[in-house]
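Bear in mind these aren't lab numbers, they're just calculated from the coordinates by the rules spelled out. Only a predicted model underlies this, so the values are computations on that prediction, with no experimental measurement involved. All Cβ positions, glycine included, derive from the backbone under ideal geometry; neighbour counts span all protein chains shown.
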Amino acid sequence: MKPAIVFSVLLGLAFATMIRTVSADDTPAWQLALQQQLLSEKQCNLNYLTNVKIQSLGAIESIQARAHCMNGNAYDVQSMHGTHMFEIRECAITVC
């Protein structure tokens, strides 16, 4: 019985590692560029993105999102020029 349990645990760990590797490889180029820009300009280690909007305007791709950092800071980011350089603005509290 013990070898079966050990095998199941090892199989589960191998599967989890494989999933992490696949998702890391699927990260879009623009997101990797944003991650590097946030780190160099704002000392922000990107944790996750919300409100991601990607639109194609002819040959130009427009990207807008809110970037959330590991330290709790958040930034509104946008790239409207078809490049992977982003305009980064600190999030402001909005009241509707």
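Annotations
- Prolate is the label for the range 28-90, because the ratio a/c of its alpha-carbon gyration tensor axes (a ≥ b ≥ c) is 1.5 or higher and a/b is greater than b/c.
- Highest mean first, the peptides 33-39, 67-73 sorted by other C-beta atoms within 10 Å per residue fall in the order 33-39, 67-73.
- Full extension of the chain between residue 71 and residue 43 yields a length gain of 9.1 nm, computed as 0.36 nm times the residue separation minus the alpha carbon distance.
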